[in-house]
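**Student:** This is the structure I want to talk about, given as structure tokens.
Read-outs throughout are calculated quantities, based only on the coordinates presented, and are distinct from any laboratory measurement. All values derive from a computational prediction rather than experimental measurement. Glycine also receives a Cβ, built like all others from the backbone with ideal geometry; neighbour counts cover every protein chain displayed.
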Amino acid sequence: MSDILLQLEGVHTHIGAYHILHGVDLVVPKGQLTMLLGRNGAGKTTTLRTIMGLWQASQGRLTFGGQDITALNTPQIAGLNIAYVPENMGIFSDLSVKENMLLAARQAKHAGQMDEARLKWIFSLFPAVEKFWNHPAGKLSGGQKQMLAVARAIVEPRELLIVDEPSKGLAPAIINNMIDAFAQLKATGTTILLVEQNINFAKRLGDQVAVMDNGRVVHAGTMQALADDEQLQQSLLGLAI
Amino acid sequence: MNALDFDWKPLLLVPALALLVLPFIGSPSTWLTLTVAGLAMGMIVFIIASGLTLVFGLMDVLNFGHGVFIALGAFVSTTVLGLMGDWTGSQDLWRNLVAVFPAMLVAMAVSGALGLAFERFIVRPVYGQHLKQILITMGGMIIGEELIKVIWGPAQIALPLPEGLRGAVLLGDAAIEKYRLLAVAVGLLVFAVLAWTLSRTKIGLLIRAGVQDREMVESLGYRIKRLFVGVFVVGSALAGLGGVMWGLYQQNVTPQMGAQVNVLIFIVIIIGGLGSTGGALIGALLVGLMANYTGFLLPKVALFSNIALMVAILLWRPQGVYPVANR
């Protein structure tokens, strides 16, 4: 296995009176795409939010590149070059597409300072971002917003890209577009942690997989091994890929 | 955004209201006088409310103590203008303006400094707790008023207009008070600076984004609490500036003047859409015009006319005229 970029050891998370994560152990190898699967309510989104410091782990340890990030706050964690695309996409609707991108480009004070070559590459992945560059982001369709959310996350090179259900509610054609984009991102060596419910999406992209249930990781291994084992799929996910 | 995407309807409310009352007022010169007075009042209220709406939008903080910055700004200006008696007593308009300008700057600096302490010791412990915010910020305002009484005394203090700003300019038969023209100019300048900052700078982008989705701004790596402290201080300084303008408008200051204006400010930011600067401008202009028109036409309903205006607007747009997305 490659070097470990992100590791969670025995992570517990409470939200108010609710105990959501019950000791999550998760390893995200560097340069690979790790899929986080599981039924609704298994704790996938909570795991991502805990990694980002949006909810603090009440117990356990999180390390990123060997550094303990358990007690860091969200801006500090994002400052370690981790990009996060939440389930609701987190698009600033009142801002234009350009302004959304500019906000994520932390090194740029104005649009002219954004990396032009990287923008061109992003436009090739997501043509809608270029087409609607000066339009209010709130006017985009659901699929276009998702493209903007991912484009914004990669406007500068990141060590780790965390994406929560990028295919949710999207048309099949847009999902294929998204799969192609993630495949190209993978090819650049970007480490990706993806929560997904769409099993075909997972199968086509995943290198590693972790399956969650009841706030724990109940299976971890290669995506290929899970795809090849129908019995395991049935027992973990209640379906065959 | 192109012009066709912009929602013009709320903007049209201001001329619509002005034109609607014209037949009831009858005399065009009286109408013009009232309209300029309403716009001047609206601009002063906007200066005060602009910071408060961003404070609410960014951090969901209900600051009912905003009035103390208004009163403090006004009292500071009595001291500064009192020290510049030669300048304010001059017939030369430029000498008057040179006296008013440092009074505004000192008032903004003192109110901003108080804002910094207010955020640190009163607001910060109650983030995310609305009821406690209301109680503790009102308590903070009461303490602030008492401190003003300790420094300047409990009595009302006269704040006469500098000589050159007294009187009116005649426009046909309409008499437009000079000071009201100054208030409109200062209000427009504040709006232009705010609009430029919010739309053309990265810090402005962050504020607009933070008003919509604080969590996402933090996920992009920005410390929104620092941004909030900055906005709180600027909002307090603007309230101080508004206090100077309001004090000169009323030509006297009292320790309770901030609390009296508080209701108007909250009406304005609710009409505007919590967190919207453009909405606050529309709301303030509507409130200023409504107060002046009803004061002339129906003095008995003037007191609650702005509440009625707010209710009517909220029936049309429950989130205010320019609701902030994602909230």
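**Student:** Quick one: the Cα spread of region B:28-255 along its three principal axes, in angstroms, biggest first?
**Tutor:** Result, largest extent first: 57, 40, 29 Å.
**Student:** Same structure, new question: How many nm separate the modelled label positions at B:GLN260 and B:ALA109, each set 7 Å beyond the Cα in the direction of the Cβ?
**Tutor:** Output for this residue pair reads 2.9 nm.
**Student:** Rounding to the nearest 20 debye, state how big the charge dipole of the protein assembly as shown is about its Cα centre with +1 on each Lys and Arg Cβ and -1 on each Asp and Glu Cβ.
**Tutor:** Taking the Cα centre of the protein assembly as shown as origin, the dipole is about 560 debye.
**Student:** Taking H as built 1.01 Å from N, whose amide H comes closer than 5 Å to the amide H of A:LEU5, not counting residues under 5 places away?
**Tutor:** Residues meeting the criterion, in which the H sits 1.01 Å from N, are A:VAL28, A:LYS30.
**Student:** What order, most packed first, do the peptides A:162-168, A:5-11 have when packing is the mean number of other Cβ atoms within 10 Å of each residue?
**Tutor:** A:162-168, A:5-11
**Student:** At A:GLU116 and B:ALA312, where each label point lies 7 Å from the Cα along Cα→Cβ, what is the point-to-point distance in nanometres?
**Tutor:** Using points 7 Å along Cα→Cβ, the separation is 5.4 nm.
**Student:** Percent of Cα-Cα pairs per 10 Å bin, from 0 to the last occupied bin, for region B:37-94, please list those.
**Tutor:** P(r) over region B:37-94, rounded to whole percents: 19, 32, 34, 12, 3.
**Student:** Relative contact order for chain A using alpha-carbon pairs under 8 Å, separation at least 6, rounded to a whole percent?
**Tutor:** Rounded, it is 26 percent for chain A.
**Student:** Still on this model: Could you let me know the centre-to-centre spacing of region B:239-315 and region B:81-133, using Cα atoms, in angstrom?
**Tutor:** With region B:239-315 and region B:81-133 each reduced to a Cα centre, they are spaced 20 Å.
**Student:** I would also like to ask the following. Determine, from the Cβ-Cβ distance of A:ASN40 and A:ASN134 and an R0 of 35 Å, the FRET efficiency 1/(1 + (r/R0)^6), rounded to the nearest 0.05.
**Tutor:** Calculated value: 0.40.
**Student:** On alpha-carbon atoms, Rg over Rh for region A:130-192 using Kirkwood Rh? Each step should come with its number before you reach the end.
**Tutor:** Working: Rg = 12.0 Å, Rh = 12.5 Å.
Ratio value, two decimals: 0.96.
**Student:** Please report the base-10 log of the normalised intensity I(q)/I(0) for region A:94-157, using a Debye sum with one equal scatterer per alpha carbon and no solvent, at each q in 0.15, 0.19, 0.23 (1/Å).
**Tutor:** At q = 0.15, 0.19, 0.23 Å⁻¹ the computed log10 ratios are -0.37, -0.60, -0.90.
**Student:** Okay, next question. Which one of A:GLN113, A:GLN208, A:GLN184 has the biggest mean-square fluctuation once chain A is modelled by GNM with Cα springs under 10 Å?
**Tutor:** Its mean-square fluctuation being the largest, the pick is A:GLN113.
**Student:** How high is the relative contact order of region A:94-157? Use alpha-carbon pairs under 8 Å, at least six apart in sequence, and give a whole percent.
**Tutor:** For region A:94-157, the relative contact order is 48 percent.
**Student:** On to the next question. Just tell me the longest site-free run in chain B, where the sites are chymotrypsin sites (Phe, Trp or Tyr not before Pro) in a DSSP loop having at most 13 other beta-carbon atoms within 10 Å.
**Tutor:** On the way: sites that count: B:PHE6, B:TRP8, B:TYR127.
No qualifying site falls inside B:128-327, the longest such stretch.
**Student:** To continue, here is another question. Which helices of chain B meet both criteria: a Cα extent of 18 Å or more along the helical axis and a mean Kyte-Doolittle score no lower than 1.6, with helices taken as whole DSSP H segments?
**Tutor:** For chain B, where a helix must reach 18 Å along its axis and average at least 1.6, the hits are B:9-25, B:28-59, B:67-83, B:93-118, B:257-272, B:302-316.
**Student:** When you have a sec, figure out the Kirkwood radius of the protein assembly as shown from all distinct Cα pair distances and drop it here in Å to one decimal?
**Tutor:** 26.3
**Student:** Same structure again: So, in nm, how far is label B:LEU116 from label A:GLN67 when the simple model puts each one 7 Å beyond its Cα toward the Cβ?
**Tutor:** 2.9
**Student:** Going Cα to Cα from A:LYS44, which lysines come in below 16 Å? Please leave out same-chain ones fewer than 8 positions away.
**Tutor:** Filter leaves A:LYS168.
**Student:** Just need the relative contact order of region B:248-327 here, percent rounded to a whole number, with Cα pairs under 8 Å and 6+ apart.
**Tutor:** Worked out over region B:248-327, it gives 35 percent.
**Student:** When you have a sec, figure out the Kirkwood radius of chain A from all distinct Cα pair distances and drop it here in Å to one decimal?
**Tutor:** 18.3
**Student:** To continue, here is another question. What list of ³J(HN,Hα) couplings, whole Hz, do you get for region B:157-172 from phi and the Karplus terms 6.51, -1.76, 1.60, once you set θ to phi - 60° and write x for glycine and proline?
**Tutor:** Rounded to whole hertz, the list is 10, 6, 10, x, 5, x, 3, x, 9, 7, x, 10, 9, 8, 10, x.
**Student:** Rounded to the nearest 500 deg cm²/dmol, what is the calculated helix-only ellipticity per residue at 222 nm for chain A, with -39500 (n - 2.57) per DSSP H run of length n ≥ 4?
**Tutor:** For chain A, the value works out to -9500 deg cm²/dmol.
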